[in-house]
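Here is the structure we will look at.
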Amino acid sequence: MENNKLLVLIVVVAIVAVSAVCLSSIFSINDARIVYYNFDSTETSYVEGSNMPTENDVLQFCKGKNIVTLSKGELMQSVNTNPQNSGWRAIGVVKYFPNLVEVHVVKTVVVAKVEIAGVDVYLDSFGYVCQPQDVEFTPVDITSVFGTRDVLQNQVGKPLVFASDANNKALNYTLQSFSALWQCKLEMEEIPSVIGQGNVFSMDSYGNFVVSTRVGAKIVVQQPEQEFQSRLIDALSVYFNETLDMQKDGVVITVLGDGTIITPKN
């Protein structure tokens, strides 16, 4: 009887071991697919000889790994920090069982630069640090919006992170400002011609976020922690409305916390 029990146990263990090996093989990643997007979210195709990431670039970080336990975040970080993929940002990973991963990547646009320890650091619209060769047009110098610029993270392929919470919030508002301008039908390369190339963004002594334009007008967003981007878009819509004649020196457009917009004419 004891021998029979031992035999059954051995058979069960063997079955479990074989099953584990089979499942490990079945769920071992061996294929990858990439979906490419332009900055405006339209899909695009791979261009031979470009620095666009390839399936092999993805597989070098995940081939042979178990798709169940694969960390999407770690895979995206590996793709983003790969210098061969400079200019493209992984924004999502989809697992397709049993062994395929699909990575979504978007073309990055360098929109800003900030001086840190005497060196210009270039940022894309997501706040990720980029290499100088990724710059396609003149970025806006956003140094003026920050206080002491001590950083916790300043690495190509990763978000710029300041030591100060205030600076991190200011950076967030600044990046949202670029997005707001883009949503107001400005191409990213056109933005410097509208707001200027430096001393554009600032935080005043009351904690308001201020956007200065090339012609000398200002937009002041009070309580920026509340629905900042949508309120800034509303203010920009007023600024760009030619019938209201706001695009001139000395004009101040103020957005209150409740969304009310105050202009020199009201």
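The values are calculated or read from the model by the stated rules, or taken from the named source; none is laboratory data. Note that this is a predicted model, so its numbers are computed, not measured. Cβ sites come from the backbone with ideal geometry, for glycine too, and all protein chains shown count toward neighbours.
Key figures
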{"item": "Where a residue in the stretch 32-61 is in the same structural domain as VAL93 (by TED's automatic domain parsing) and its partner, wherever it lies, is of a type in the set (Ser, Thr, Tyr) and part of a loop (DSSP other than H, G, I, E, B), with Cβ under 6 Å and at least six apart", "result": "ASN51/SER86; MET52/TYR46"}
{"item": "Complete set of residues in the stretch 111-129 that are under 27 Å from GLU55 (Cβ atoms) and either polar (S, T, N, Q) or more than 11 Å from the chain's Cα centre (by Cα) (or both)", "result": "SER125"}
{"item": "Positions within the stretch 159-171 being in contact (Cβ under 8 Å) with a residue 24 or more places away in the chain and either more than 12 Å from VAL121 (Cα to Cα) or aliphatic (A, V, I, L, M) (or both), in sequence order", "result": "LEU160, ALA166, LYS169, ALA170, LEU171"}
{"item": "Hey, VAL220 closer than 18 Å to ASN199 by Cβ, touching a strand residue (DSSP E or B) at 6+ places or on another chain (Cβ under 7 Å), in contact (Cβ under 8 Å) with a residue 12 or more places away in the chain and assigned by TED's automatic domain parsing to the domain that holds LEU186 or not", "result": "yes"}
{"item": "Candidate set: the stretch 167-196, residues that are among the charged types (D, E, K, R) and at negative phi; chosen: the one surrounded by the most Cβ atoms within 10 Å (Cβ to Cβ)", "result": "LYS169"}
{"item": "Counted residues, the stretch 108-134 - those being surrounded by fewer than 17 Cβ atoms within 10 Å (Cβ to Cβ) and either at pLDDT below 95 or outside any strand (DSSP E or B) (or both)", "result": "6"}
{"item": "Within the stretch 26-82, tally of residues that are part of a loop (DSSP other than H, G, I, E, B) and of a type outside the set (Ser, Thr, Tyr)", "result": "19"}
